[in-house]
1. Residue by residue through the range 43-80, note down the ones that are surrounded by 14 or more Cβ atoms within 10 Å (Cβ to Cβ) and among the acidic types (D, E).
2. Taking D90 as the residue in question, decide whether it is assigned to a loop (DSSP other than H, G, I, E, B), modelled with pLDDT under 95, among the acidic types (D, E) and open to solvent by 40 Å² or more (accessible area, probe 1.4 Å).
3. In the range 15-38, which residues are part of a loop (DSSP other than H, G, I, E, B) and touching a strand residue (DSSP E or B) at 6+ places or on another chain (Cβ under 8 Å)?
4. Which of the residues spanning the range 97-108 are surrounded by 10 or more Cβ atoms within 10 Å (Cβ to Cβ) and more than 30 Å from N47 (Cβ to Cβ)?
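The values are calculated or read from the model by the stated rules, or taken from the named source; none is laboratory data. Predicted model only: the values in this text are computed from it and were never measured. Positions of Cβ are backbone-derived with ideal geometry, glycine not excepted, and every protein chain shown enters the neighbour counts. For the accessible areas, the whole protein counts, side chains as well, though only heavy atoms, and no ligand, DNA or RNA atoms are used. Shrake-Rupley method; radii C 1.70, N 1.55, O 1.52, S 1.80 Å.
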Amino acid sequence: MDTLIQDESLFTTSASLVDSVDKRVLVLLRDGKKLIGVLRSYDQFANLVLQETIERVYIGEAFGDIERGVFIVRGENVVLMGEIDEEIEDLLPLHQLPVGTILAAQKDETERSRRLEKMRHQALHAQGFSVDFVDTDFY
């Protein structure tokens, strides 16, 4: 009979989040939102409770922060999570803009992307390809 050796380092589970509790983390959600907050709690499904949360919107080399407060994230919506190194964050070549300005820029960028995507779909359709994309399709 083979001996089964269990090494905790071989498993990636929600238990590996214990080192991130009470630290500032960045969470990338399935819908593309980026949340920054202090991880206060989690469960076996990787549902997260973030405190002092901000939603950060990036446009080029600029960003804007929207305060969200206490935020609960369902684990299935988490794509990526990592601790923030404050020293490195301060060295990044990004500049902060007021929320209104960054949201207007985001709206313009989204509209520009939709127009470009529509042109691509039309070109593909003209070549005989089927385009089955829906705005609510996150995959």
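1. E52, E55, D65
2. For D90, the condition - assigned to a loop (DSSP other than H, G, I, E, B), modelled with pLDDT under 95, among the acidic types (D, E) and open to solvent by 40 Å² or more (accessible area, probe 1.4 Å) - is not met.
3. Matches in the range 15-38: V21, D22, K23, R30, K33.
4. Answer for the range 97-108, where residues must be surrounded by 10 or more Cβ atoms within 10 Å (Cβ to Cβ) and more than 30 Å from N47 (Cβ to Cβ): L97, P98, T101, A104, A105, K107, D108.
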